[in-house]
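The values are calculated or read from the model by the stated rules, or taken from the named source; none is laboratory data. Remember, predicted model here, so these are calculated numbers, not experimental data. Methodologically, a virtual Cβ is constructed for each residue, glycine included, from the backbone with ideal geometry; neighbour enumeration extends over all protein chains shown.
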Amino acid sequence: MAKTKSGKYWVDWANEHAQTSASVVDLAPPFKGRVEAFIEALEAAGATVHIEATRRDPRRAYLFHWSWRIGLGKAKPSEAKPMAGVEIEWDHGSDAASREGAMEIVRGFNLAIPPRSNVPPALHSHHLAGTAIDMDIAWNGILRVKLKNGREQTVPWMSDPNKNIKLHKVGASYGVRKLATDAPHWSSTGH
């Protein structure tokens with residue numbers, strides 16, 4: 001089978017054949033219940049929670065990972081291992097063209113890049129097992145949110161969620177841990 005060069009085509013292909021859920025319902029227990037309780041506490045305190053991703057198809061994770069690495073010049077196209085069911089050609093004949101094809105995928109998926117995220121999307125992510133969630137949490141001023149033990153925690157708004165240690169503490173009390181290098185990412189382990 002002929003391979004198709006990296007680029008926007010693969011975003012459309014993945015949106016049809018390798019989707020990611022944005023529903024808490026698709027998370028694996030017991031993480032699902034922990035996330036539900038954390039989000040409930042946040043919303044009860046006045047925060048708005050927008051879920052970007054929960055469970056992810058492995059083929060989509062593959063496209064995320066290699067497009068990010070190649071597009072940002074962190075890997076050469078030849079380093080991308082083939083994946084069954086994803087007939088992609090990462091090498092466009094020049095480094096510049098290969099990076100641009102990969103960046104079309106990065107932009108198409110709206111992947112977090114520096115400074116929002118300094119790490120490539122994982123090939124073997126907690127998203128594949130349903131034990132991770134990408135979400136944006138927003139509020140104005142000071143959030144007064146309940147920890148799992150019922151005590152109230154004040155959390156100031158910070159534009160960079162990676163640095164908001166008080167927010168991380170609230171999530172951890174529910175068993176939802178923040179990956180401090182990836183703005184939207186929370187998981188069962190913090191990775």
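Taking the stated definitions as given, is residue 123 surrounded by fewer than 18 Cβ atoms within 10 Å (Cβ to Cβ), in contact with a Lys or Arg (Cβ under 7 Å, 6 or more places away or on another chain) and touching a residue at least 12 places away in the same chain (Cβ under 8 Å)? Here the answer is no, as residue 123 does not meet what is asked.
Please go through the stretch 1-25 and pick out each residue that is in a helix (DSSP H, G or I), farther than 30 Å from residue 140 by Cβ and not small (Gly, Ala, Ser). Answer for the stretch 1-25, where residues must be in a helix (DSSP H, G or I), farther than 30 Å from residue 140 by Cβ and not small (Gly, Ala, Ser): 8, 9, 10, 11, 12, 13, 15, 16, 17.
Scanning the stretch 65-92 for residues that are surrounded by fewer than 20 Cβ atoms within 10 Å (Cβ to Cβ), small (Gly, Ala, Ser) and not in a loop (DSSP other than H, G, I, E, B) returns a single hit, 78.
Among the residues of the stretch 26-43, just one is farther than 25 Å from residue 155 by Cα and assigned to a helix (DSSP H, G or I), namely 26. Just to be sure, is residue 154 surrounded by fewer than 16 Cβ atoms within 10 Å (Cβ to Cβ), in a loop (DSSP other than H, G, I, E, B) and of a type outside the set (Lys, Arg)? No; evaluated as a whole, the condition is false for this residue.
Here is the figure for the stretch 1-31: residues that are crowded, with 16+ Cβ neighbours inside 10 Å and modelled with pLDDT under 95 total 1. Residue count for the stretch 102-147, restricted to those that are assigned to a loop (DSSP other than H, G, I, E, B), hydroxyl-bearing (Ser, Thr, Tyr) and at pLDDT below 95: 1.
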